[in-house]
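A.B. asks: I'd like to ask you about the structure that follows.
Please treat every number below as a calculation from the coordinates, not as lab data. Note that the structure is predicted; figures quoted are calculated from it, not measured. Don't worry about glycine lacking a Cβ; one is built from the backbone with ideal geometry, like all the others, and counts go over all protein chains shown.
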Amino acid sequence: MSAVIDTDHKGHGHAGDDHHHGPAKGLMRWVLTTNHKDIGTMYLWFSFAMFLLGGSMAMVIRAELFQPGLQIVQPEFFNQMTTMHGLIMVFGAVMPAFVGLANWMIPLMIGAPDMALPRMNNFSFWLLPAAFGLLVSTLFTAGGGPNFGWTFYAPLSTTYAPESVTFFIFAIHLMGISSIMGAINVVATILNLRAPGMTLMKMPLFVWTWLITAFLLIAVMPVLAGCVTMMLMDIHFGTSFFSAAGGGDPVLFQHVFWFFGHPEVYIMILPAFGAVSSIIPAFARKPLFGYTSMVYATASIAFLSFIVWAHHMFTVGIPLTGELFFMYATLLIAVPTGVKVFNWASTMWRGSMTFETPMLFAVAFVILFTIGGFSGLMLAIAPADFQYHDTYFVVAHFHYVLVPGAIFGIFASAYFWLPKWTGHMYDETLGKLHFWMSFIGMNMAFFPMHFVGLAGMPRRIPDYNMMFANFNMVSSIGAFMFGATQLLFLFIVIKCIRGGKPAAAKPWDGADGLEWTVPSPAPYHTFQTPPEVK
Amino acid sequence: MSEALGIRRLVLRLSLVVVAMFAFGFALVPIYDVMCQAFGINGKTAGAYSGAQVVDEQRQVRVQFLATNAAGMSWEFRAKADDLLVHPGGSNEMLFVAFNPTDRPMTAQAIPSVAPSKAAAFFHKTECFCFTQQVLQPGERIEMPVRFIVDRDLPADVHHLTLAYTLFDVTARKPPVAQVSQ
Amino acid sequence: MGLLLWLAFGAAQAEWGVNMAPGATEVSRSVFDLHMTIFWICVVIGVVVFGAMFWSMLIHRRSTGQEPAHFHESTTVEILWTVVPLVILVLMAIPATKTLIDIYDSSESELDIQITGYQWKWQYKYLGQDVEFFSNLTTPAEQINNKAEKGEHYLLEVDEPLVVPAGTKVRFLITSADVIHSWWVPALAVKKDAIPGFVNESWTRVDEPGLYRGQCAELCGKDHGFMPIVVEVKTKADFATWLAERKQASAAEKELTSKEWSQEELMARGEKTYNTTCAACHQASGEGLPPMFPALKGSAIATGPVEEHIGIVVNGKPGTSMAAFGKQLSEVDIAAIITYERNAWGNKVGDMVTPKDILTFKQAQE
């Protein structure tokens, strides 16, 4: 191994020995690559493609809900749209985006030359297009695609499901395997490849939150796999895990699903917590407040996520003691989450702030995620949940934590690290425009959902009474605006890749971390020799 | 390369965790059943009860009987009486009537459930037609007994409990893999 | 900004009707109180936290020449903002626990009603009273397809509401015949899942007579959005009268079976009943939604031997969504539907099935 840090740009590197050559040419570079940056890039593009696909399904949903009455689609297709929108956004857009960020940034942040298991890394990415190809293809089958909601409660998803459910199960298995391999890779990288001196408590929070996320993935994705395997056996092999007729129990399905499902919710938000914890200090020009407590808060959130699952099931008929336990445990989550919000606010306090696009997204993240947290607190109150459960109030709640939470976190990260990835600064004016349009569109789309939910509109319905009409129209307009704005993001990214003001190695004066010690764009190979961390 | 060795060992351990968690998903099934029967979650009752209890003559509880057909089930299915006043600890019997009006032999499985769910753990069936599947020939009519004891320790605030059966058509199902133990 | 919006709309809540309604029972009012309490606690926390953040964003900017401070931890502050939220949470949990215990009250009820969810309608059975009926959506397809003006209770109207007496504890035993549904009437604050094979319990005591509307709250397939619930609360006296009438009506229905029916009468009744019972799957046009829901127009069953047609309607078709309507509908309705199916949409079999035929068919089965 050479002792020279490779500083060559993509495609030109022959400076060192054989280990140092740059990427191969053409398509095979992407098919066969084991380079963490290439794979990270592919993950990010894939997730953005899925984001647009899942988003267009959301547009169909909002177009149908624009007015009362059935105008555009029939109920059975509407159900397929809500189901696919959920599945694609959760498993296709948010999770791969975080894996992409992890691939790109974790080696750069801990001073590692690559991920620990580069070939597996390639495989875990290429499983995803296969999985989603399979899933989306079911829409074109005779009985239609999955139509039982992304939570696929039995027996609607077993005895009463369309034929395509078997493809759906196989697709879930594939994406599960992909996520598990990705998670194992992340853990192996973080625990083994840190540069000398990079102790655990010196790692950037993004690395910490990803480490914890990876453990969550390893713990719960197999449970999901078990859950869909049981469905498969019920459908094809005559077992009765979830069918009362054979001595099974449909409620068991919900317990198994939410045992996976609740940690899954944190899988989709913890990496965003980490990214925002790097971005806010950078633009406040002040170190992160309470680093240690951030680490412990993340760990406690992860732990608590395993003992709160039944709060998704308050109406299935749980005994009083069960309801009380899950209500108290759920309320407890507010404590570590609160600590995080207070820490971010204190990091901003008495800083010297500027508001470039990443900071705008990060601040919006903190505020809007907190609003989602408030509605979460309300939902945790079991007796009140009897009124909120399965209404648009819940839809508003989880879109407030997922859109400004996960998605804004990803946008903030993308803008923050785009200069490092491409070597160019993105167009700041367009970036700000993207932010404000997204911010306004998102609030317009999801805030009124609180109202219609409280007024009594159930979720997953294609048509509604006129008393919900006004707010639904506002919601739809907001959603169209939010959706259209994302094409602007595509434009900004392409523009940034193709050119723009050259970015310095450290384009943000307040930023901190090893990733800013390598040039921009980051060379194909970095940290062949581990850096020293003081 | 101790680093490579370390990675290999770690990956091996993590893979074991993955396998263990996959198995845990399946283990949730029996765990759930035990929890349900211990705490009466979902109104599930335990299998055949073989204990005997002293009758509490002081207290009376109303037991109500429901018979429901699952979708696609065309049998006539009902309890012979709407309800029964019983003393906790005493043994009681209720007959259910089933009739197959179709022109083909059919197999049915009755699934019991008790409300309120907190009473389920205190409801013991000593004999029940739901322990086995019922086969009726075309036009056949039978009376099926359930014998039960309401536990003396039934919480004082429960005055009234409901035993509900749902009858499922299992003719087309493959032979049961797991014996129904309700 | 979101918070400001929330507040702005909050003030206008009364006129806009966008908040939860206090409802019609003691339980629903205490749930409403709880909801408002937690809401205002969240608002106060929000004002403090967001206030600090906005202040900081306005003042602590580089453009105002602010020099960044360097503090990055303070054990005192961190302990404080762990403990204070914990205390607030305990304060929230106390009233919540109290309300929950009230909801789980299992004292004796005066009336028991079994509620069974079907795809996509509800069945109500007054236990021990020999009264049971299905409750179907009555909103006409023309309104749903925007060919007619939508009525005030669009999608929230049924042919037969659940009728309960005021001021009486009514116990609901909720179950399902197919998939999971959820019976929800906001004004009663009752939402309980209907689970096939299992029975769930809930109860209500409504103070004032009135009409209360709700909907199925758990995704249950295609027409999940089209299975409303209407609860009509009557005074105790009115309820007793209604119940007596209901009992008579079911006896009268038996008599109808022996009446002489004309083809026109059966077709008219058949069209009406078909549209409430069958059209959800087989469509008003008879074209169905293949492959899940086959077409009846020109189908082998609807134009073939009449016995097979009666058989499938009465006994259903195992393994499919086709239910056994023999027990769900009266003989008159089944006869009317079959007559209609055999003579509508260009199916010109020309025969007529009378209620007597159905009765004979059923008796032959016995």
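A.B. asks: Taking the Cα centroid of the range A:225-294 and of the range C:143-171, what is the distance between the two, rounded to the nearest whole Å?
C.D. replies: Taking the Cα centre of each part, the range A:225-294 and the range C:143-171 sit 38 Å apart.
A.B. asks: If you don't mind, another one. Students often get this wrong: which residues of the range C:207-239 have the backbone nitrogen under 19 Å from the point 7 angstrom along Cα-to-C-beta of C:A252?
C.D. replies: From the range C:207-239, the list is C:238-239.
A.B. asks: No solvent, one uniform scatterer per C-alpha: report log10 I(q)/I(0) for the protein assembly as shown via the Debye equation at q = 0.05 1/Å, two decimals.
C.D. replies: With one equal scatterer per Cα and no solvent, log10 I(q)/I(0) is -0.35.
A.B. asks: Quick check: the angle from helix B:2-39's long axis to the longest principal axis of chain B, C-alpha only, nearest 10 degrees?
C.D. replies: Around 10 degrees separate the two axes.
A.B. asks: Something else now. Taking B:K44 as the anchor, which lysines have their alpha carbon closer than 16 Å to its alpha carbon, excluding any fewer than eight residues away along the same chain?
C.D. replies: Reachable lysines: B:K118, B:K125.
A.B. asks: Where does the charge balance sit around C:A295 when Lys and Arg score +1, Asp and Glu -1, over other residues with C-beta under 12 Å from its C-beta? Mind dumping the intermediate values first?
C.D. replies: Values: positive: C:K297; negative: C:E287, C:E341.
Charge balance in the 12 Å sphere: -1.
A.B. asks: So, one more: If you look at just the Cα atoms of the range A:99-236, how large are its Rg and its Dmax in Å?
C.D. replies: Reported Rg and Dmax, both Å: 18.1, 59.
A.B. asks: For the range C:257-365, with the dipole built from +1 on Lys and Arg beta-carbon atoms and -1 on Asp and Glu ones, taken about the Cα centre, which of C:I337, C:V353, C:V314 lies farthest toward the positive end?
C.D. replies: It is C:V314, whose Cα lies furthest towards the positive end.
A.B. asks: Mind checking Rg over Rh on chain C, alpha carbons, Kirkwood formula for Rh? Please list the in-between numbers first.
C.D. replies: Working: Rg = 27.8 Å, Rh = 24.6 Å.
Looking at chain C, the ratio lands at 1.13.
A.B. asks: With each run of n ≥ 4 DSSP H residues scored as -39500 (n - 2.57), what mean residue ellipticity at 222 nm is computed for chain C after dividing by its residue count and rounding to the nearest 500 deg cm²/dmol?
C.D. replies: Numbers: 11 runs with 160 residues, N = 366.
Here the helix-only value at 222 nm equals -14000 deg cm²/dmol.
A.B. asks: Please compute the average number of Cβ atoms from other chains found within 10 Å of each residue's Cβ in peptide A:448-459.
C.D. replies: On the way: counts 3, 0, 6, 9, 1, 2, 9, 8, 12, 2, 11, 5.
Taking the mean over all residues of the peptide, I get 6.
A.B. asks: Now for a different question. Using a basic spin-label model with each label point 7 Å from the Cα along Cα→Cβ, how many nm lie between B:F99 and B:A52?
C.D. replies: Here the modelled spin labels are 3.8 nm apart.
A.B. asks: Between C:D33 and C:S285, what length in nm is gained on full extension when 0.36 nm per residue of separation is reduced by their alpha carbon distance? It would help to have the intermediate numbers written out before the result.
C.D. replies: Numbers: separation 252, 0.36 × 252 = 90.72 nm, distance 4.84 nm.
In short, 85.9 nm is gained.
A.B. asks: At a 10 Å Cβ-Cβ cut-off, how would you order A:S137, B:S74, fewest neighbours first?
C.D. replies: Values: A:S137 13, B:S74 23.
Ascending number of Cβ neighbours within 10 Å: A:S137, B:S74.
A.B. asks: Here's a follow-up. Got a sec? How would A:R460, A:R350 order by Cβ neighbour count within 10 Å, fewest to most?
C.D. replies: Details: A:R460 22, A:R350 18.
In order of increasing Cβ crowding within 10 Å: A:R350, A:R460.
A.B. asks: Follow-up. Check which residues have an amide H placed less than 5 Å from A:M353's amide H, if you skip close sequence neighbours.
C.D. replies: Under 5 Å from the amide H of A:M353 lie the amide H atoms of C:R61, C:R62, each far enough along the sequence or on another chain.
A.B. asks: Can you work out the FRET efficiency for the pair A:L27 and A:F170, with r the C-beta to C-beta distance and R0 = 25 Å, to the nearest 0.05?
C.D. replies: On the way: r = 27 Å, r/R0 = 1.06.
Computed FRET efficiency for A:L27 and A:F170: 0.40.
A.B. asks: Could I ask something else about it? Taking θ = phi - 60°, what integer Hz values does the Karplus form 6.51 cos²θ - 1.76 cosθ + 1.60 yield along the range C:119-136, in sequence order, with x for Gly and Pro?
C.D. replies: Each residue of the range C:119-136 in turn: 6, 9, 7, 10, 10, 10, 10, 7, 5, x, 10, 6, 10, 8, 7, 9, 10, 10 Hz.
A.B. asks: Tell me which residues come under 5 Å, amide H to amide H, from C:E73 once H is placed; ignore anything under 5 positions away on its chain.
C.D. replies: A:G290
A.B. asks: Go from 0 up to the bin containing the longest alpha carbon distance in chain A, width 10 Å each, and give me the % of pairs per bin.
C.D. replies: For chain A, the pair-distance distribution reads 4, 18, 29, 28, 15, 5, 1, 0.
A.B. asks: Moving on to the next point. Taking the Cα centre of chain A as origin and charging only Cβ (+1 Lys, Arg; -1 Asp, Glu), how large is the dipole, in debye to the nearest 20? Show your work: numbers first, answer last.
C.D. replies: Details: 21 positive and 23 negative charges, 220 e Å.
My answer is approximately 1060 debye.
A.B. asks: Still on this structure, please answer the following. Can you give me the Kirkwood hydrodynamic radius for the range B:1-126, using every pair of distinct Cα atoms, in Å to one decimal?
C.D. replies: Details: mean 1/r = 0.0525 Å⁻¹.
With all distinct Cα pairs of the range B:1-126 included, I get 19.1 Å.
A.B. asks: So for C:K98, C:K191, C:K125, fewest C-beta neighbours within 10 Å to most, what's the order?
C.D. replies: Numbers: C:K98 12, C:K191 25, C:K125 18.
Result, fewest neighbours first: C:K98, C:K125, C:K191.
A.B. asks: Let me ask another. In nm, to one decimal, how far is the B:A172 label point from the C:E307 one, both placed 7 Å along Cα→Cβ?
C.D. replies: About 2.3 nm, to one decimal.
A.B. asks: Which three extents, in whole angstrom, do the alpha-carbon atoms of the range C:17-87 cover along their principal axes, largest first?
C.D. replies: 58, 30, 9
A.B. asks: To the nearest 10 degrees, how steeply does helix A:75-87 sit against the main Cα axis of chain A, on a 0 to 90 scale?
C.D. replies: Compared with the principal axis, the helix lies near 30 degrees.
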